[in-house]
1. Against the condition touching a helix residue (DSSP H, G or I) at 6+ places or on another chain (Cβ under 7 Å) and surrounded by fewer than 24 Cβ atoms within 10 Å (Cβ to Cβ), how does residue B:67 come out, does it pass?
2. Do the conditions hold for residue B:32, that is, is it out of contact with any helix residue (DSSP H, G or I) (no Cβ under 7 Å at 6 or more places or on another chain), more than 9 Å from every other protein chain (Cβ to nearest Cβ), away from ligand 1 (no atom under 16 Å from the Cβ) and farther than 27 Å from residue A:28 by Cβ?
3. Among the listed residues B:58, B:16, identify the single one that is within 27 Å of residue B:216 (Cβ to Cβ) and assigned to a loop (DSSP other than H, G, I, E, B).
4. Looking only at segment B:65-86, count how many residues are within 7 Å of chain A (Cβ to nearest Cβ), over 11 Å from residue B:97 (Cα atoms) and under 18 Å from the mean Cα position of the chain (by Cα).
5. Restricting the search to segment B:19-39, which residues are at pLDDT 95 or above, more than 17 Å from the chain's Cα centre (by Cα) and more than 18 Å from residue B:211 (Cβ to Cβ)?
6. At the interface with chain B (Cβ under 10 Å from one of its Cβ atoms) and either surrounded by 22 or more Cβ atoms within 10 Å (Cβ to Cβ) or more than 24 Å from the chain's Cα centre (by Cα) (or both): is that true of residue A:63 in this structure?
7. So which of A:270, A:290, A:314 is part of a loop (DSSP other than H, G, I, E, B) and at pLDDT 95 or above?
8. Quick one: residue A:211 ticks every box in (1) within 13 Å of chain B (Cβ to nearest Cβ); (2) surrounded by 13 or more Cβ atoms within 10 Å (Cβ to Cβ); (3) touching a helix residue (DSSP H, G or I) at 6+ places or on another chain (Cβ under 8 Å); (4) over 21 Å from residue A:75 (Cα atoms) except a single one, so which number is it?
Ligand SMILES: Cc1ncc(C[n+]2csc(CCOP(=O)(O)OP(=O)(O)O)c2C)c(N)n1
Ligand code: SF4
């Protein structure tokens, strides 16, 4: 049984966390995540969610509480944005290194200095190498669905998951969302089984100092060194692709909605020009593609849903017929280009994909991104490629650059 | 309450072969603390000498479950353990955070203040070897005036020690105490008492450190005692705002015969560059604190 409600992205995330019966919530307010922290407090104080809510004094502590509570065996949830996420940075590594199935919503926002409360994806993209799975949502339904899937993925691969969605564009915008029934979610999501238990019956020293090489335990068993543990995290991240795809498929069977696993495609069957992006810009690109097609350009969209693990095999398939690839990114790796651009080009290495890639930086600090602007950018790129100038320096769309 | 060492819990929780230095005051303190806390305890601790004492993976010299955490996060880590145990209805376990002075007075202060303000049900222990010892004896805000450290190598520490107990008392704690491993019964009793109380309990332990303070390893207990005899360290407990001297500090207060600080200073290499001016400032600082304690205990 499922009912449809018109809700914001933050409401969708809060409802999803409640449907997943999270047992410990620790959060610290920051725009545009605050509403999510508030709704969860409301749930806990009014008794509609039976959880411990720790009203911490910082994001560093929010993630710490999640780490420790998850270690003792509770299902945990937190959410943050921008500087809050950066303040957690040390703990993001600690969570992944501890192999804990923590789920966190990242309500994407530009990072200071100078301050911006508005949306871009510099925050989550700059946490690429922390060992977290990163899912980017294109609309509020995907937020709901991805949080539920995130627990199932995290608790199978023992790696933490960030469910990212654009601040204001999704977090504060009302959209119709199917709310799944509690029983359906319960049957999709088995109870959390911790991999280590911190209990007086079995004293263990969790996350102590390690030496470079494997060492013998007192019982004579050769135990991992630091590097083996790192390899295992990398392996788990690589293997999580299968789990993400399977989870998405099983979710589609149970709930009737398919979010696409690692990526999703729109009108790509006969597309020669492929627009690609993450999050809500990817949804905007769908509108752009409709307009491009009306003007006679065979365009489609590949929405990158999972940024880590990077969908290498999936993009090689999805882009194989492209003659031109046009990216719209809400973040920049200073001194180089948009993060997605580098990743995609690396994924195309030694494939048959030789199409030119045009990279557009868009919408930083909340600057509006209109479908019409994407259409114009795409047309100018297609024109440039046709007239024999395939490569182009990263362009900043709708930005005064001189 | 044990009136002598033989009436303490005889069980040992630190196995032979810990990685602390010879004569380590911390290892003594930890031994008696764990005896008082007993089995149903979970410890969380940050990067520190105590983290090293617990041993290198995969072996540990401590028979109590322990969760290591990052340097700034000890009290938040305890909060997470408490929240997780509550969520799972396991409420009879004592959760104890154990951090050094650096991990408490300096970097850990934010998460500690947060956890204490929330009234988190745990014991926070700040063991104080008066410097960042694990990283090579650098200055902390707990280092006393006039001490040489590797980051005050020429001029010595210019400031007095931070009065951390005052900061913790400002959180209106049900129980706060200071103790020293040179007085194991005092230490043991305070942990037994803290274990029975609900809410955030804070215990400060002054732990002499031979390599960091530069004195012979055989003198640890004596140095710890001299700190108390001179009134530099005052043994007391504050229960719901009421201060009470304990142990040796109580008899000193009654008899008024505390020693001049020079008897403590002169035995430690770290004070060898202390100026006469610093010595007299330090003495004044000790005397005025001592008088304040006397006033408070009389009320
Ligand atoms: C964020 C961070 N900064 C610095 C360090 C390095 N570090 C590890 S332990 C330590 C000092 C510990 O001093 P203290 O808390 O007094 O404990 P002790 O070593 O004296 O027992 C420092 C600076 C760290 N682990 N984390
Ligand atoms: S440096 Fe000091 S506190 Fe640290 S283990 Fe050695 S004696 Fe103990």
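1. Against the criterion (touching a helix residue (DSSP H, G or I) at 6+ places or on another chain (Cβ under 7 Å) and surrounded by fewer than 24 Cβ atoms within 10 Å (Cβ to Cβ)), residue B:67 does not qualify.
2. no
3. B:16
4. Total meeting the criteria: 1.
5. Hit for segment B:19-39 is B:38, nothing else.
6. yes
7. Of the residues listed, the single one that is part of a loop (DSSP other than H, G, I, E, B) and at pLDDT 95 or above is A:270.
8. Unmet condition: (2).
The values are calculated or read from the model by the stated rules, or taken from the named source; none is laboratory data. Every value quoted in this text rests on a predicted model; they were computed, and no experiment measured them. Cβ atoms come from the backbone with ideal geometry, glycine included; neighbour counts cover every protein chain shown.
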